[in-house]
Amino acid sequence: ELIFKEGERPAAAGQARERASERASGRADAQGQRQQPVSRMPKNKGKGGKNRRRGKNEGEEKRELIFKEDGQEYAQVIRMLGNGRLEAMCFDGSKRLCHIRGKMRKKVWVAAGDIILVGLRDYQDAKADVILKYNPDEARNLKAYKEIPDTAKINEGAINDEDEGEEECAFTFDEI
């Protein structure tokens, strides 16, 4: 049986019982005033932001070696030009301006010295499109199958097409 405080009506008994349960559960403060419900941020259920996608290349598994077909040529990157373009020396002996295709941009990073497969253009011989980048193991396999010449340097970084770097000095300095 409920005991009512002085001045409390029986109709308010349900409210008194509710206030007591609110205080016990922590939904009311010490004065019995009802607190606003606390909204909580949802828990993160994803696996990270764009830096996760930029992270390690864990998708690197063995893939089938792709050989060139007609209208394609192997090349080695001489230098990166920016804006998705690069300069490459094709193994047929010509230097071409190459454009990295949209599927490869920001997913496959091409650097100077990499072995690539380019698609030749029918209407522009001086330009080509990068179709595929070979990793160093695949490039060594291409060299073993005699697809690319033995003179090709794999994993060497930038290629010294012009004589850049340390040279022998043409004149001597005399002591003063």
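The values are calculated or read from the model by the stated rules, or taken from the named source; none is laboratory data. Source: prediction; values computed, not measured. Please note: Cβ atoms are built from the backbone with ideal geometry, for glycine as well, and neighbour counts cover all protein chains shown. Just so you know, the surface numbers come from the protein's heavy atoms only, side chains and all, with ligands and any DNA or RNA stripped out. Shrake-Rupley method; radii C 1.70, N 1.55, O 1.52, S 1.80 Å.
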Residue pairs meeting the criteria (Cβ under 6 Å; at least 6 apart or on separate chains; first on the phi > 0 side of the Ramachandran plot, in region 70-86; second part of a strand (DSSP E or B) and surrounded by 13 or more Cβ atoms within 10 Å (Cβ to Cβ)): 71/120; 84/100
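Which residue out of 141, 135 is open to solvent by 60 Å² or more (accessible area, probe 1.4 Å), touching a residue at least 40 places away in the same chain (Cβ under 8 Å) and within 23 Å of residue 63 (Cα to Cα)? Reasoning before the result, please.
Working: 135 fails: open to solvent by 60 Å² or more (accessible area, probe 1.4 Å).
Going through 141, 135 in turn, just one is open to solvent by 60 Å² or more (accessible area, probe 1.4 Å), touching a residue at least 40 places away in the same chain (Cβ under 8 Å) and within 23 Å of residue 63 (Cα to Cα): 141.
Being at pLDDT below 90 and not hydroxyl-bearing (Ser, Thr, Tyr): is that true of residue 45 here? Break it down stepwise before answering.
On the way: at pLDDT below 90: yes; not hydroxyl-bearing (Ser, Thr, Tyr): yes.
Against the criterion (at pLDDT below 90 and not hydroxyl-bearing (Ser, Thr, Tyr)), residue 45 qualifies.
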